[in-house]
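Structure record follows, encoded as structure tokens.
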Amino acid sequence: MYRELFLTATGSVYAKIAHLDVDIEIALIRQECNKKSIPAFNATGVNLTVDAKFIEIEFPEGNVWTRIGR
């Protein structure tokens, strides 16, 4: 729902993302399991990048103001 002055547009929005980049920083650690030392991974940082040119937005349903805004 979007409201501007006395007009209210309602409906649904679908976003389709065609491409995104995910950078994950991992750390190799040791953990104890049954008195044995085994390797494990920890995610120390995650960065998600989405470029606006790869996003497609659709307004499939809505009232008259949503249809005009399409």
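Label-to-label distance for Phe54 and Tyr2 is 2.4 nm, based on points extended 7 Å past Cα in the beta-carbon direction. Taken over segment 2-69, the ratio of Cα radius of gyration to 2.2 N^0.38 Å equals 2.08. In the chain, helices alone account for a calculated mean residue ellipticity at 222 nm of -2000 deg cm²/dmol, with every DSSP H run of four or more residues adding -39,500 (n - 2.57). Each of Tyr14 and Asn42 was given a label point 7 Å from its Cα along the Cα-to-Cβ line. The distance between the two points is 4.3 nm. Here Lys16 is the anchor, and the lysines within straight C-alpha reach of less than 27 Å, apart from those fewer than 8 places off in the same chain, are Lys53. Each residue in Phe41, Phe6, Phe59 was given a count of other beta-carbon atoms within 10 angstrom of its own, and listing them fewest first yields Phe6, Phe41, Phe59.
Each reported figure results from applying straightforward, stated rules to the coordinates on display, with no laboratory input. Just so you know, these numbers come straight off a predicted model, no measurement behind them. Please note: Cβ atoms are built from the backbone with ideal geometry, for glycine as well, and neighbour counts cover all protein chains shown.
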